[in-house]
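One structure is given below, encoded as structure tokens.
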Amino acid sequence: MATATVEERWLQFYRWGPYGFLGIGTALAGITAGELMTRTDAVVAVVLVVASLVLQLCWHTRRTTGEAGGAEGCAEAGSGVPVAIPGAPRPASVAYFALRTALAFALTVCNPLFAVHACVGYFDAVPLLSSRPFLARSGLLVVALTLAGSQAGGFPPASGLQWVAFGGLFALNAALAVGLSHLGAKEAEKAAERSATIAELARANARLEQALAENATLHAQLVLQAREAGVADERRRLAAEIHDTLAQGLTGIIAQLQAADAADADQARVHHRRAAALARHSLGEARRSVQDLGPVALEHDSLPEALAKTVDAWAERTGITARFTPTGTGVPLHDEVAATLLRIAQEALANAERHSGATRAGVTLSYMDDEVVLDIRDDGRGFDPAAPPARGSQGGFGLAGMRARAARLAGAVEVESAPGEGTAISVRVPLVAHG
């Protein structure tokens with residue numbers, strides 16, 4: 001069996017309480033009728049008890065048929081606060097309270113113990129009369145007056161002492177009734193505020209749960225996108241590494257073998273040794289690329305030393321005069337920065353060998369205050385930077401690959417060239433020292 005709520009308990013009290021108080025008052029008055037009542041008082045009391053019972057039955061019937069109108073009654077009250085008595089407050093509830101209180105007062109005049117019936121007014125005056133605060137306070141004062149008269153010995157007081165007692169008791173009852181009613185109203189307001197706060201918190205929690213669900217979905221999407229971006233970036237890295245190692249190495253091997261075919265025996269052996277050395281070097285670089293390691297040239301040397309050796313080896317292999325020049329105060333660079341600049345230099349020199357027809361080239365590494373600049377120049381045939389040759393089956397990643405490498409370090413690549421005027425490539429990346 002479900003436990004009744006507080007509101008349900010109050011509804012039961014408002015429905016059956018007046019009958020109980022009337023019955024208790026009638027019983028007490030009947031027991032003391034011989035001492036406190038005359039025959040006339042007894043007859044009048046019987047009539048008033050019947051009238052009170054009829055009034056209560058009529059009100060009970062009205063409430064039962066009007067329970068569905070409770071919300072309408074609240075709107076009529078204008079307070080926006082639900083009342084505990086269905087159908088109240090309405091004009092009919094004012095009339096009911098006034099008649100019941102008047103009957104209780106008249107019964108108390110007949111026998112002071114009938115004041116028990118008036119006590120119910122303390123509980124339902126505010127719900128029944130809350131649409132008119134002045135009437136609610138007035139109703140409480142009338143109930144306090146009735147109880148004070150009963151406590152002082154009945155109406156009217158028979159002596160001056162009873163009048164004094166009546167006045168004091170009335171003041172006490174009035175203060176208690178109005179004060180407790182005020183406290184109850186404040187408590188009701190706080191309860192309404194708590195209910196509103198709880199409702200708002202519930203809505204906030206619902207919005208938070210929805211936001212968390214959306215965030216979880218977004219996080220899953222971001223994780224998937226990051227994974228896909230990582231896969232794509234790794235593919236680009238391997239493609240660029242293969243181009244910078246195997247492709248360039250194979251190009252050099254082919255060039256050495258072709259030179260060996262056109263040379264005498266002694267010179268051919270030199271070219272064969274160079275081809276074999278390039279093959280071993282390219283194989284080592286390919287293995288390091290798969291393992292995501294830096295270039296082998298940076299394993300034991302700093303970037304300026306690796307660039308100097310790279311330029312010298314390229315000049316010896318191609319027969320093109322080349323020189324490396326470092327400027328500024330050198331500092332150990334982060335491995336990724338050093339590897340990127342070395343790969344770009346290798347790619348630029350390889351392009352100069354394959355496409356420019358240059359006779360001279362120069363590489364400069366400049367350490368600035370907040371960036372490192374790598375410049376590669378040649379005196380070759382040049383080209384129009386606004387219309388670079390498309391990458392074909394025989395081409396490499398070229399300028400696009402250089403720019404992609406620099407962009408990963410928040411750097412940039414600038415190209416200056418014109419047909420017949422050579423090419424200058426400048427790479428700028430932020431200066432990130434080795435940690």
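The values are calculated or read from the model by the stated rules, or taken from the named source; none is laboratory data. Small disclaimer: the values here were computed from a predicted structure and weren't measured. Cβ: placed from backbone, ideal geometry, glycine included. Neighbour counts: every protein chain shown. Areas reflect the complete protein model, heavy atoms only, side chains present, ligands, DNA and RNA absent. Shrake-Rupley method; radii C 1.70, N 1.55, O 1.52, S 1.80 Å.
Against the list (1) open to solvent by 80 Å² or more (accessible area, probe 1.4 Å); (2) modelled with pLDDT of 90 or more; (3) not β-branched (Val, Ile, Thr), the condition ALA68 fails is (2). Could you tell me whether ASP379 is of a type in the set (Asp, Glu), modelled with pLDDT of 90 or more and buried (at least 18 other Cβ atoms within 10 Å of the Cβ)? For ASP379, the condition - of a type in the set (Asp, Glu), modelled with pLDDT of 90 or more and buried (at least 18 other Cβ atoms within 10 Å of the Cβ) - is met. Applying the set (1) within 60 Å of the chain's Cα centre (by Cα); (2) open to solvent by less than 60 Å² (accessible area, probe 1.4 Å); (3) more than 19 Å from ALA175 (Cα to Cα) to LEU99 leaves exactly one unmet item: (2).
Counting only residues that are modelled with pLDDT under 80 and small (Gly, Ala, Ser), which one in the range 263-278 is surrounded by the fewest Cβ atoms within 10 Å (Cβ to Cβ)? Of everything passing the filter in the range 263-278, ALA265 is surrounded by the fewest Cβ atoms within 10 Å (Cβ to Cβ). Number of residues in the range 89-121 that are assigned to a helix (DSSP H, G or I) and within 15 Å of THR26 (Cα to Cα): the value is 17. Among the residues of the range 138-161, the one identified as open to solvent by less than 40 Å² (accessible area, probe 1.4 Å), of a type in the set (S, T, N, Q) and more than 17 Å from LEU99 (Cβ to Cβ) is SER150.
On inspection, GLY154 does not qualify as assigned to a helix (DSSP H, G or I), within 25 Å of LEU36 (Cβ to Cβ), of a type outside the set (A, V, I, L, M, F, W, C) and over 40 Å from the mean Cα position of the chain (by Cα). Within the range 6-31, residues that are polar (S, T, N, Q) have Cβ atoms under 7 Å from residues that are open to solvent by less than 60 Å² (accessible area, probe 1.4 Å) and at pLDDT 90 or above in these pairs: THR26/VAL49, counting only partners at least 6 apart in sequence or on another chain.
Counting the residues of the range 125-151 that are at pLDDT 90 or above and not in a helix (DSSP H, G or I) gives 0. Considering only residues in the range 157-204 that are assigned to a helix (DSSP H, G or I) and of a type in the set (S, T, N, Q), the one that is farthest from ALA118 (Cα to Cα) turns out to be THR197. Among residues of the range 186-215 that are under 30 Å from PRO133 (Cβ atoms), those with a beta-carbon under 8 Å from a residue that is aliphatic (A, V, I, L, M) and open to solvent by 70 Å² or more (accessible area, probe 1.4 Å) at least six positions away or on a different chain give the pairs ALA188/VAL81; ALA192/VAL81.
Yes/no matrix, rows are residues, columns are (1) in contact with a strand residue (DSSP E or B) (Cβ under 9 Å, 6 or more places away or on another chain); (2) closer than 26 Å to ALA268 by Cα; (3) free of Cβ contacts under 8 Å to residues at least 24 places away in the same chain; (4) of a type outside the set (S, T, N, Q):
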| residue | (1), (2), (3), (4) |
| --- | --- |
| SER302 | yes, no, no, no |
| THR329 | yes, no, no, no |
| LEU333 | yes, no, no, yes |
| GLU336 | no, no, no, yes |
| THR340 | yes, no, no, no |
| ARG343 | no, no, no, yes |
| THR364 | yes, no, no, no |
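Among the residues of the range 307-326, are any touching a residue at least 60 places away in the same chain (Cβ under 8 Å) and either open to solvent by 50 Å² or more (accessible area, probe 1.4 Å) or among the acidic types (Asp, Glu) (or both)? So far as the range 307-326 goes, yes, one or more of its residues are touching a residue at least 60 places away in the same chain (Cβ under 8 Å) and either open to solvent by 50 Å² or more (accessible area, probe 1.4 Å) or among the acidic types (Asp, Glu) (or both). For the range 32-56, the tally of residues that are in a helix (DSSP H, G or I) and either of a type in the set (Lys, Arg) or touching a residue at least 24 places away in the same chain (Cβ under 8 Å) (or both) stands at 14. The set of residues from the range 169-196 being open to solvent by 80 Å² or more (accessible area, probe 1.4 Å) and at pLDDT 90 or above comprises just one member, LEU172. Exactly one residue among GLY422, GLY398 is surrounded by 16 or more Cβ atoms within 10 Å (Cβ to Cβ), modelled with pLDDT of 90 or more and among the small types (Gly, Ala, Ser), and that residue is GLY422. A single member of THR329, THR359 is hydroxyl-bearing (Ser, Thr, Tyr), modelled with pLDDT under 90 and open to solvent by 10 Å² or more (accessible area, probe 1.4 Å), and it is THR329.
For the range 197-214, the set of residues classified as charged (D, E, K, R) and over 10 Å from the mean Cα position of the chain (by Cα) consists of GLU200, ARG203, listed by residue number.
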